[in-house]
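These notes concern the structure reproduced below.
The values are calculated or read from the model by the stated rules, or taken from the named source; none is laboratory data. Everything quoted here is computed from the prediction, not taken from an experiment. Cβ placement follows ideal geometry from the backbone for every residue including glycine, while neighbour counts extend to all protein chains displayed. Side chains are part of the model used for accessible areas, which takes the heavy atoms of the whole protein and leaves out ligands, DNA and RNA. Shrake-Rupley method; radii C 1.70, N 1.55, O 1.52, S 1.80 Å.
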Amino acid sequence: MFYEIEKGNSNLKVNPFKSCNVPRAISWISTKSVDGKDNLAPYSQFQNLSFDPPYVMVAINQTPEGKRKDTTINIEETGEFVYNMVSTDLGEKMNITANGVPYGTDEFELANLEKAPSTLVKPMRVAASPVQMECVYVQTIRLPGNGAGTVDILIGKVVGIHIKDEFITVDGKIDIPKIRPLARLGYLDYTTVDTSFTMDLYDGRSAYAQGMSGTPETPFK
Ligand SMILES: Cc1cc2nc3c(=O)[nH]c(=O)nc-3n(C[C@H](O)[C@H](O)[C@H](O)COP(=O)(O)O)c2cc1C
């Protein structure tokens, strides 16, 4: 089948777009307001942009009335945020923090989540999350939306990474199947990443290959 977005003529009962690029890991973004209130919300339109330096981005819709979401306000006003990985066992709590509650409401408290202080930035981390990245804000790209609001792409630079020791293998890798990250499949559907396999690169000796695999010659790249 084929359909044109502008004509909306897919003949499907539900919009397939969000299922066309999956699975999308859910990032839990924690921020602090200028007056010190904690905020936490899930975002699946999140991605690495590069690894050297490590830039990340999150795409946050404005409301139809053109208002920025709390996460956008806090990041733009304070210049800091934290990415918290969502493991499947944290899914229900993640869902609670997606509620559109008034600005200044602490979603850590709403979902009964313990906070952990960060090392280099002010926003708190989700203590139960297996991996967190402390980030400093770089810039926003505002794309035209369908209505009053824009789509705000916020870019941050990762300045520090926390990994729970219990999820580091003897080979020094993050044990993803053990963490069981939660990911979106579009609609209201989710999946759990609980298996992995390795595929060697065609040219395993190039600098590119070392960059892909993070070998000792090019650590963390
Ligand atoms: C799994 C999941 C993924 C989401 N991803 C996004 C997203 O990528 N962009 C977005 O604007 N909203 C997304 N949302 C909705 C926001 O989490 C929701 O609007 C939330 O209330 C925003 O909170 P805030 O105002 O505290 O930032 C997502 C919700 C869920 C449950």
| field | Computed E for ASN11/PHE197 - FRET, C-beta separation, R0 41 angstrom, nearest 0.05 | value | 0.65
| field | Cross-link reach list, lysines versus LYS157, counting only Cα pairs under 23 Å and skipping chain neighbours closer than eight places | value | LYS32, LYS37, LYS69, LYS115, LYS122, LYS173, LYS221
| message | With an 8 Å Cα cut-off and a minimum separation of 6 or more residues, compute the relative contact order for the chain in percent. | response | 22 percent
| message | If you roll a 1.4 angstrom probe over the protein chains with everything in place, what fraction of the accessible area of the chain belongs to carbon and sulfur, to the nearest %? | response | 54 percent
| request: Please give the calculated 222 nm ellipticity per residue for the chain, where each DSSP H segment of at least 4 residues contributes -39500 (n - 2.57) and the sum is spread over every residue; nearest 500 deg cm²/dmol? | output: -3000 deg cm²/dmol
| said: With bins 5 Å wide starting at 0, give me the P(r) of the chain over every alpha carbon pair, in whole percents. | reply: 1, 6, 12, 16, 19, 17, 12, 8, 5, 2, 0
| field | Accessible area of the chain divided out per residue, in Å², using a probe of 1.4 angstrom | value | 61 Å²
| request: Translational diffusion coefficient, Stokes-Einstein: compute it for the range 70-165 using the Kirkwood radius over C-alpha pairs as Rh, at 4 °C and 1.567 mPa s, and state it as an integer in µm² s⁻¹. | output: 89 µm²/s
